[in-house]
Amino acid sequence: MRLTLQVNGAKHEVVLDDPDTPLIFVLREMLGLTGAKFACLEGACGACTVHLDGAAARACMRRARDLEGVAITTIEGLGASGLHPVQKAWIEERVAQCGYCQAGQLMQAAAFLRRSPTPDAEAIARAMSGNLCRCGTGPRIAKAVARAAEIAKEDA
Amino acid sequence: MSGATKRSRLSRRAFLASAGVLTVGAALGGGYAALSGAPNPLSGRVVNAFVAIWADGTVQCVCPAQDLGQGAPMAMTMILAEEIGADLARTEIIAAPRDASTYGNPDFAGRMVTADSKTTRGYYPVLRLAGAEARMALIATACRQREWAAADCRTEQHAVLHPPSGERMSFAEIAALEELTLPGGATERDLKRSDMFTLVGSSPADPRHLDIVTGRKKFGVDQRPQGGLIAILARSPHLGGAPVAVNDRAAKAIAGVEAVVKLDDAVAVVARNTWSALRGREALVIEWTPPSDFSDKHERKMLEEALDKKGAGWVDCRKSGEPPIEADLVAEFYAPCLTHLIMEPLNATAQGRSWGLGVEIRSATQSLDLDMRYGAKTWKTAPFMVETTATPTGGAYGRRVLNDAVAEAAEIAKQVGKPVQVIRPMRDELQRGQVRPAAAQRIAAALSKEGALVGWRHDIASDGTLATHLPSSLKGPDKSEDNTATDGVRHPYRVPSERLRWRRVRSAPTPGFLRGVSAGYTVWAIEATVERLARKAGRDPKEWRQAHLQDERVIEVMNKAAEMAGWGAAGRVFGLGVMQFRGSSVATVAEVAGAKLAGLWIAADVGRVVHRDKVLAQIEGGAVWGVSMALRERLSYADGRAEIDSFVHYPTARLADLPPIRIELAAPKAEDPPFGVGEIGIPTTVAAIANGFEAAMGRTFSELPLAVS
Ligand code: FES
Ligand code: FES
């Protein structure tokens, strides 16, 4: 099966062996975009989170063939023009430990802040609770999301 | 041709390896002596096994530990740079090759293993000497050139300073000279005084953060060998299950599937990409050996019965005074099996070398040494024919010490004759992977009429990870104590009569090392008993502890945590946990409000702090684990298998479950070395939370996770 995907602003032709191939493997193994990770492969950990037309989605649960015409953004394309506020905040707050979950966390946070630019702590906790960080960076993630909201305002 | 030019023609790896040979023994217990004393035949730009200075003045630091996200490469470099007087921005880190005689951790019997909260602690003295030696070489070379006296010089910001003349010579200028003068090895006398430290104890920015937030950091699963295949194993969900009959017709028909390989206990689907391998695995039709009737309920009964056993089989950990005691309080505690839940799937790549005589292993690992053993054994070759490389790991927490994916990769690569990367899906690891074994404990304690502790018996029954996999690493006078099962049992309280002991009960799930090991539950049992005793004696739990503690550091952190939390404030309910573990002294106070965990305050004396922010991050991460272990985690078994078909069946603490966490570090004492930090956030946090809920709910808990809702 041949399809055209729009990833990080560029068009890519891909040929799939299996029409059901999940987006995560197309990104990682056919387009070489290994920034999005995988862990549970059942939509429950958030490691594979990307943006589909600006909304957060689990790339392990979406078939690539359903996404023609959708703007797909991965961590590699998040800060298209310099670092995105969440990336800046993550560096400032020194969030990452191993970093494996963080691309998913950042994509989740960026999509969330687009919808809720001035969230309170409870809304942040709710929005980010579907993304597991086993290293235990949760408390710093919460701070960084709040900080990113400020940075976005300063940058605007 | 001078030695220097000859050597600089070698590749960097050869360069370092040859330097390594000359300092054999540096880490093998010899520690201090090995780098000093004997005339050092090196000349040119390699100073020793840990430091090289390149022509532009860049100081290259060799990191003997793996990058697990804990910050080891950063901490190792900071220790070297501090002693050298190097500017961190002009250092470069490279990974040490597998050469345990040079790069083994002295605290790990000279092995290259990154675990047990021992990395910074174990390498600190070695790296300081290596750094001091490099500093002395730079000073000696500058002195040769400028005719200064070494005693007048010091290093700072990547230069040798000569205060009498006010002149300086940068490391780059020194490195541009034909040869370095090596004045011989450093000794303890040559080390910088800790009150002169400017880098150690600070929190320099870590360039890895940028790589992570931009998705550029490459983990094991992000690195496929050229022309490599992916293998996914089908394993019985039942413990000990093995394939009896395999129908692989449908699997082989899937596009991208190249081979199906039968192993002793699994069937591997080998494919050109991960998705094909996953689909191939789903398409296999396998008949497995019949399941056992193992269940956690049955195991718990066995563990609890073991506590009643008399006579042989007990391993004493500490003993004093006159047994037996008349107990005032007897309490039992049960901790379930737990799994690591590493985010990056376990993975390893194997590829034949030297016409199939040797093998190259690349893996997200905690130990090149142990990877080599798996590789050599499976490939049936000599250790030196096994090349090992580590990638960064997406979480480790002890799981990647016994990195069994290496054996699978080697076995499959050998059979298919091509490079193969094994990726273990999370569900398979949850069902059949290593676990922290379950444990039953009983504590019996006796009080004097005045409420003072006069007798203490702590019995533990569990399987042991070292006893199972590495029996030569057992400890104690008769080599029978498994510290993965007894860590944390040596409480800090004064008591005239006590006996602490462990009894091994073999378990069906495979035991593994998990962050905190047994301290994740022994400290809970001790501290819960202590608070119950205090209440029984009608005393404040903190004040009762104070009366029984002897170590000043433990007392200090306890009072500090209590002060941070507002201990004793009217109308608030607190629980406390204290311990000394991995050399560090730690106290956690937990507040429970209503039926909810409302706050955590942690004070820790971790000795010398190298990278302050990373120490705080380790403790905070540990505290999150503590919340998770106290309130959520349990791996249960029935009918011979883990009752888990999905990641969501293993609940962990999520962001919404976490209370605010405050952490403070005690100032290090003058010449303190660093103590362990990787695991210390866990045990007292579990204990404090349990005690907080006991106080709030007016009941006791005898098992984890606490049934609070
Ligand atoms: S890998 Fe997609 S949500 Fe876990
Ligand atoms: S930083 Fe390691 S899993 Fe989140």
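The values are calculated or read from the model by the stated rules, or taken from the named source; none is laboratory data. Predicted, not measured: the structure shown is a model, and the values here were computed from it. Cβ sites come from the backbone with ideal geometry, for glycine too, and all protein chains shown count toward neighbours.
Worth a mention:
- Note on region A:35-57: residues that are within 16 Å of ligand 2 (Cβ to nearest atom) and closer than 15 Å to A:Leu106 by Cβ total 8.
- Number of the exception - B:Ala327 against (1) surrounded by fewer than 14 Cβ atoms within 10 Å (Cβ to Cβ); (2) of a type outside the set (S, T, N, Q); (3) more than 33 Å from the chain's Cα centre (by Cα): (1)
- Identity of the residue in region B:354-366, assigned to a loop (DSSP other than H, G, I, E, B) and modelled with pLDDT of 95 or more, that ends up farthest from B:Thr391 (Cα to Cα): B:Gln366
- A:Glu150 vs. criteria closer than 18 Å to A:Gly82 by Cα, more than 8 Å from chain B (Cβ to nearest Cβ), at pLDDT below 95 and assigned to a helix (DSSP H, G or I): no
- Some residue of region B:635-649 being closer than 26 Å to B:Ala598 by Cα and within 13 Å of chain A (Cβ to nearest Cβ): yes
- Residues within region A:98-137 that are within 15 Å of B:Ala617 (Cβ to Cβ), more than 16 Å from ligand 1 (Cβ to nearest atom) and among the small types (Gly, Ala, Ser), tallied: 1
- In region A:16-30, the residues that are facing chain B (nearest Cβ under 7 Å) reach residues that are away from ligand 1 (no atom under 11 Å from the Cβ) and hydroxyl-bearing (Ser, Thr, Tyr) with C-beta atoms within less than 8 angstrom, at least six apart or across chains, in these pairs: A:Asp17/B:Ser276; A:Asp18/B:Ser276; A:Phe25/B:Thr274; A:Glu29/B:Thr274.
- Taking region B:240-268 as the range and being among the hydrophobic types (A, V, I, L, M, F, W, C), away from chain A (no Cβ under 14 Å) and crowded, with 19+ Cβ neighbours inside 10 Å as the test, the residues that pass are B:Ala259, B:Val260, B:Val261, B:Ala266, B:Val267, B:Ala268.
- Residues of region A:52-72 satisfying the condition of being within 16 Å of ligand 1 (Cβ to nearest atom) and either among the aliphatic types (A, V, I, L, M) or touching a Leu at 6+ places or on another chain (Cβ under 8 Å) (or both): A:Leu52, A:Ala55, A:Ala56, A:Ala57, A:Ala59, A:Cys60, A:Met61, A:Arg62, A:Arg63, A:Ala64, A:Leu67, A:Ile72
- Residue in region B:195-209 that is surrounded by the most Cβ atoms within 10 Å (Cβ to Cβ), counting only those that are among the hydrophobic types (A, V, I, L, M, F, W, C) and more than 10 Å from chain A (Cβ to nearest Cβ): B:Val200
- A count restricted to region B:424-461 and to residues that are closer than 21 Å to B:Met372 by Cβ and not charged (D, E, K, R) stands at 1.
- Restricted to region A:106-126, and to residues there that are closer than 30 Å to B:Ile682 by Cα, small (Gly, Ala, Ser) and surrounded by fewer than 22 Cβ atoms within 10 Å (Cβ to Cβ), the residue that is nearest to ligand 2 (Cβ to nearest atom) is A:Ala125.
- A residue that is surrounded by fewer than 20 Cβ atoms within 10 Å (Cβ to Cβ), in contact with a helix residue (DSSP H, G or I) (Cβ under 9 Å, 6 or more places away or on another chain) and at negative phi cannot be found anywhere in region B:516-527.
- Positions within region A:104-146 being under 15 Å from A:His51 (Cα atoms) and not in a helix (DSSP H, G or I), in sequence order: A:Asn131
- Listed conditions (1) under 23 Å from A:Glu93 (Cα atoms); (2) out of contact with any strand residue (DSSP E or B) (no Cβ under 6 Å at 6 or more places or on another chain) are all met by B:Ala593, apart from (1).
- Residues being at positive phi and either over 25 Å from the mean Cα position of the chain (by Cα) or of a type in the set (A, V, I, L, M) (or both) - total across region B:443-478: 1
- Look at (1) within 14 Å of chain A (Cβ to nearest Cβ); (2) in a helix (DSSP H, G or I) and you find that B:Ala547 fails only one, number (1).
Okay, residues lined up against (1) surrounded by 18 or more Cβ atoms within 10 Å (Cβ to Cβ); (2) of a type in the set (Ser, Thr, Tyr); (3) in contact with a helix residue (DSSP H, G or I) (Cβ under 6 Å, 6 or more places away or on another chain):
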site: B:Glu332; (1), (2), (3): no, no, no
site: B:Ile342; (1), (2), (3): yes, no, no
site: B:Ile361; (1), (2), (3): yes, no, yes
site: B:Asp369; (1), (2), (3): yes, no, yes
site: B:Tyr374; (1), (2), (3): yes, yes, yes
site: B:Thr378; (1), (2), (3): yes, yes, yes
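- Taken together, A:Leu23, A:Leu16 contain a single residue that is among the aliphatic types (A, V, I, L, M) and over 26 Å from A:Gly130 (Cβ atoms), which is A:Leu16.
- The residues of region B:210-239 that are away from chain A (no Cβ under 14 Å) and hydrophobic (A, V, I, L, M, F, W, C), listed by number, are B:Ala231, B:Leu233, B:Ala234, B:Leu239.
- Checked against (1) away from ligand 1 (no atom under 14 Å from the Cβ); (2) within 24 Å of B:Arg208 (Cα to Cα); (3) outside the structural domain of A:Ala142 (by TED's automatic domain parsing); (4) β-branched (Val, Ile, Thr), A:Val95 passes all but a single condition, namely (3).
Every residue, every condition in (1) assigned by TED's automatic domain parsing to the domain that holds B:Ala508; (2) in a loop (DSSP other than H, G, I, E, B); (3) in contact (Cβ under 8 Å) with a residue 24 or more places away in the chain, yes or no:
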position: B:Met629; (1), (2), (3): yes, no, yes
position: B:Ile644; (1), (2), (3): yes, yes, yes
position: B:Thr652; (1), (2), (3): yes, yes, yes
position: B:Ile663; (1), (2), (3): yes, no, yes
position: B:Ala667; (1), (2), (3): yes, yes, no
position: B:Ala670; (1), (2), (3): yes, yes, yes
position: B:Ala687; (1), (2), (3): yes, no, yes
position: B:Gly692; (1), (2), (3): yes, no, yes
position: B:Val708; (1), (2), (3): no, yes, yes
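Per-residue answers, yes or no, for (1) in a loop (DSSP other than H, G, I, E, B); (2) more than 20 Å from B:Met343 (Cα to Cα); (3) acidic (Asp, Glu):
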{"residue": "B:Leu370", "(1), (2), (3)": "no, yes, no"}
{"residue": "B:Thr381", "(1), (2), (3)": "yes, yes, no"}
{"residue": "B:Ala413", "(1), (2), (3)": "no, yes, no"}
{"residue": "B:Lys418", "(1), (2), (3)": "yes, yes, no"}
{"residue": "B:Asp428", "(1), (2), (3)": "no, no, yes"}
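- Count of residues meeting criterion [within 14 Å of ligand 1 (Cβ to nearest atom) and either among the small types (Gly, Ala, Ser) or surrounded by fewer than 18 Cβ atoms within 10 Å (Cβ to Cβ) (or both)] in region A:30-51: 8
- Answer from B:Thr510, B:Thr522 - the residue that is touching a residue at least 24 places away in the same chain (Cβ under 8 Å) and within 16 Å of B:Glu304 (Cα to Cα): B:Thr522
- Residues in region B:56-70 that are over 17 Å from B:Tyr103 (Cα atoms) and either surrounded by 24 or more Cβ atoms within 10 Å (Cβ to Cβ) or touching a Cys at 6+ places or on another chain (Cβ under 9 Å) (or both): B:Val59, B:Leu68, B:Gly69, B:Gln70.
- Residue selected from region A:66-103 under the condition facing chain B (nearest Cβ under 9 Å), out of contact with any helix residue (DSSP H, G or I) (no Cβ under 8 Å at 6 or more places or on another chain) and assigned to a loop (DSSP other than H, G, I, E, B), by the criterion nearest to A:Gly32 (Cα to Cα): A:Tyr100
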